[in-house]
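S.K.: Below: one structure in structure tokens.
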Amino acid sequence: MQNLYLDVSPLDQRGVTKFALSEEVMMEHAAMAMAHLIRARFNANSSVLIVCGSGNNGADGLALARLLEGDFHISLHIPFGASSPLAHLQRDRVEALGLKHAPIEGDYDVIVDALFGSGLNRPLGPTAIEALILMNGMSGLKIACDVPSGLYAEGTFDTNVFYADITVTMGAYKRSLFSDGAKEVCGEIIVADLGVHKKRYETPSPWKLLESQDLSLPNRIRASSHKGSYGHLAVVCGEKAGASVIAGSAALRFGTGLVSLISNENVTIPYELMQSHSIPSTATAIALGMGLGVEFCDDELSSLLDNTLPLVLDADIFYHPMFSKLLKRTSLVLTPHPKEFTQILRLTGIADIDVSALQSNRFTYVEKFCSAYPNTVLVLKGSNVIIGQGEEFYINPLGTVALAKGGSGDVLSGLIGALLAQGNTPLEAAIQGSLAHTLAAQKFDKNNYALTPFDLIERITCL
Ligand SMILES: NC(=O)C1=CN([C@@H]2O[C@H](COP(=O)(O)OP(=O)(O)OC[C@H]3O[C@@H](n4cnc5c(N)ncnc54)[C@H](O)[C@@H]3O)[C@@H](O)[C@H]2O)[C@@H](O)CC1
Ligand SMILES: [K+]
């Protein structure tokens, strides 16, 4: 698990005050990290284009040019000149080596974007756009210095953002690199230490980035246990029974001792799942909402929920009049996709926004919801899933496009339900369920358009 920051400038300042590092020392390390990367991947004499802005992001690029000069063919493009003191200093240094501003021409083995970093504070103008279009059109390896130019602090970007293959980010992970859209533009993300190890440079942060090694599986350790030792998940089976069959099958695969589908009428279900018309007395958690439709009247739903069992809620239940009442429960996980989350925000009076406004401000709206409902665990789906409760937030960046398919969400609810039923806290169930879901998708080694929910469930067996 790594820390994520909205703004690393307090960390930079702390580097100066606590470790007596100068900004120039930190900049030298930033440039060295990029130089190491390029030297490790390219032979001497390769061509490197470095496009530098007028601030310290550009100064990082100028320092990089100095470090590579002599071994590589360096082309510098400095369309805005130098404005910050360090940019002036770094420019004087490269000019002493005979390097100066030149137009962008031809193609290069490496393209380094050092136009704008954390100082981007207004929309890109025509000069920057023209440079970015040329850079994006090139075939060489594209490296973004700190953040891809055009990416704002909330993780939004304009059409002409730099599309990086690798982002070398300075000091610590920025949260903006993990918005949903940013997954398209950042490529591989590497953190560069700035003179002290990352763990010294960082301070605690409420936002965390999940990693594959954070996965903890519900492996069984008690030799004399029985099925009753591993919980009983009741999946409320609605109009579209397939959704609950998928969720129930995922839950059984993820270790739940028993799974019952709760339906009004008998429906055809796999042999290994049980069927009941009411919540079994041995149930330890409930999954509700997937494929629910209008199968149950309000009284029937009320009686199914007349207990204090942990709940995982998804899909149709977010549109049900009963949903507001369910928000009062203490053991609760919600797994909305963005459209469903806008409905939740509307219903709770937090915001009346459309999906694109939400996607531009995912972090903010998750924080608002979690502050208003601190007992509820929220799992906001997306290419970078956000999990939040109270003042703790986690981003799971491990999902793949293979998951963009009907039924993937039902698997996720089933996995979270499985862990709730086995006695995990709602937050732990949400984190581990989401990790298992995304890592199972990564195990799919066929074409990425082909994954089905049952392929995903199959891969839960070997995480
Ligand atoms: N503070 C530190 O100690 C360190 C900073 N570092 C680098 O410094 C960067 C931040 O530097 P700055 O704060 O100088 O900011 P930037 O270099 O990101 O950008 C600021 C400059 O760009 C201009 N600008 C902003 N938006 C523009 C637009 N749309 N069109 C044209 N010009 C625009 C501003 O007027 C200003 O001159 C980081 O991203 C990182 O790369 C690193 O060297 C590591 C150490
Ligand atoms: K940049």
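The values are calculated or read from the model by the stated rules, or taken from the named source; none is laboratory data. Bear in mind that the values here come from a model prediction, so they are computed numbers and not experimental data. Methodologically, a virtual Cβ is constructed for each residue, glycine included, from the backbone with ideal geometry; neighbour enumeration extends over all protein chains shown. Quick note on the areas: whole protein, heavy atoms, side chains included, nothing else; ligands and nucleic acids left out. Shrake-Rupley method; radii C 1.70, N 1.55, O 1.52, S 1.80 Å.
S.K.: Criterion first (in contact with a Cys (Cβ under 8 Å, 6 or more places away or on another chain), touching a residue at least 60 places away in the same chain (Cβ under 8 Å) and aliphatic (A, V, I, L, M)) does Leu64 satisfy it?
M.R.: In short, yes.
S.K.: Have a look at Ala144, Ala182 and point out the one that is farther than 30 Å from Ala430 by Cβ, within 16 Å of ligand 1 (Cβ to nearest atom) and among the hydrophobic types (A, V, I, L, M, F, W, C).
M.R.: Ala144
S.K.: Let me ask you something else. Taking the conditions exactly as written (within 16 Å of ligand 2 (Cβ to nearest atom), surrounded by 14 or more Cβ atoms within 10 Å (Cβ to Cβ) and assigned by TED's automatic domain parsing to the domain that holds Ser139), does Met27 satisfy them or not? If you could, list the steps in order and put the result at the bottom.
M.R.: Details: within 16 Å of ligand 2 (Cβ to nearest atom): yes; surrounded by 14 or more Cβ atoms within 10 Å (Cβ to Cβ): yes; assigned by TED's automatic domain parsing to the domain that holds Ser139: yes.
Considered against the rule, which asks whether it is within 16 Å of ligand 2 (Cβ to nearest atom), surrounded by 14 or more Cβ atoms within 10 Å (Cβ to Cβ) and assigned by TED's automatic domain parsing to the domain that holds Ser139, Met27 comes out as yes.
S.K.: So which residues in segment 58-77 are open to solvent by 20 Å² or more (accessible area, probe 1.4 Å) and within 15 Å of ligand 2 (Cβ to nearest atom)?
M.R.: His77
S.K.: Another question about this same structure. Give segment 358-386 a look and list any residue that's touching a residue at least 40 places away in the same chain (Cβ under 8 Å), open to solvent by 50 Å² or more (accessible area, probe 1.4 Å) and over 12 Å from Ser179 (Cβ atoms), or say none.
M.R.: Answer for segment 358-386, where residues must be touching a residue at least 40 places away in the same chain (Cβ under 8 Å), open to solvent by 50 Å² or more (accessible area, probe 1.4 Å) and over 12 Å from Ser179 (Cβ atoms): Tyr373, Asn375.
S.K.: Being without any contact (Cβ under 8 Å) to a residue 24 or more places away in the chain and either within 23 Å of Gly433 (Cα to Cα) or in contact with a helix residue (DSSP H, G or I) (Cβ under 8 Å, 6 or more places away or on another chain) (or both) is the filter here, so list the residues in segment 330-356 that pass it.
M.R.: Correct list: Lys339, Thr342, Ile350, Ala351, Asp352, Ile353, Asp354, Val355.
S.K.: Suppose we keep only residues that are part of a helix (DSSP H, G or I) and over 15 Å from Ser212 (Cβ atoms) within segment 424-451. Which one would you say is most open to solvent (accessible area, probe 1.4 Å)? First the steps, then the outcome.
M.R.: Going residue by residue through segment 424-451, those that are part of a helix (DSSP H, G or I) are 426-442.
Among the residues that remain, those that are also over 15 Å from Ser212 (Cβ atoms) are: 426-430.
Working: Pro426: 24, Leu427: 22, Glu428: 73, Ala429: 0, Ala430: 0 Å².
Out of the qualifying residues, it is Glu428.
S.K.: Report those strands (runs of 3 or more DSSP E) wholly inside segment 1-79 carrying at least 2 residues which are touching a helix residue (DSSP H, G or I) at 6+ places or on another chain (Cβ under 7 Å), within 21 Å of Ile104 (Cα to Cα) and within 16 Å of ligand 1 (Cβ to nearest atom).
M.R.: Working: elements: 2-5, 47-52, 73-77.
Ranges flagged: 47-52, 73-77.
S.K.: Collect the residues in segment 388-398 that are closer than 11 Å to Leu210 by Cα and assigned to a loop (DSSP other than H, G, I, E, B), keeping them in residue-number order.
M.R.: Those that are closer than 11 Å to Leu210 by Cα and assigned to a loop (DSSP other than H, G, I, E, B): Pro397, Leu398.
S.K.: Any residue in segment 304-318 that is within 27 Å of the chain's Cα centre (by Cα), closer than 21 Å to Phe363 by Cβ and in the same structural domain as Ser281 (by TED's automatic domain parsing)?
M.R.: Within segment 304-318 (the criterion being within 27 Å of the chain's Cα centre (by Cα), closer than 21 Å to Phe363 by Cβ and in the same structural domain as Ser281 (by TED's automatic domain parsing)), the answer is yes, since at least one residue qualifies.
S.K.: So Gly106 fits all but one of (1) surrounded by 16 or more Cβ atoms within 10 Å (Cβ to Cβ); (2) not in a helix (DSSP H, G or I); what number is the exception?
M.R.: (1)
S.K.: Hey, does segment 134-155 have a residue that's out of contact with any Cys (no Cβ under 6 Å at 6 or more places or on another chain), of a type in the set (Phe, Trp, Tyr) and open to solvent by less than 30 Å² (accessible area, probe 1.4 Å)?
M.R.: Looking through segment 134-155, none of the residues is out of contact with any Cys (no Cβ under 6 Å at 6 or more places or on another chain), of a type in the set (Phe, Trp, Tyr) and open to solvent by less than 30 Å² (accessible area, probe 1.4 Å).
S.K.: Additional query: Checking Phe116 against (1) within 12 Å of ligand 1 (Cβ to nearest atom); (2) open to solvent by 10 Å² or more (accessible area, probe 1.4 Å); (3) without any contact (Cβ under 8 Å) to a residue 40 or more places away in the chain; (4) of a type in the set (A, V, I, L, M, F, W, C), which test does it fail?
M.R.: (3)
S.K.: Take segment 188-209 and flag every residue that is of a type in the set (S, T, N, Q) and either under 16 Å from Thr169 (Cβ atoms) or open to solvent by less than 40 Å² (accessible area, probe 1.4 Å) (or both). Please lay out each step first, then the result.
M.R.: Here is the first cut: in segment 188-209, the ones of a type in the set (S, T, N, Q) are 203, 205.
Ser205 - this is the single residue of segment 188-209 that is of a type in the set (S, T, N, Q) and either under 16 Å from Thr169 (Cβ atoms) or open to solvent by less than 40 Å² (accessible area, probe 1.4 Å) (or both).
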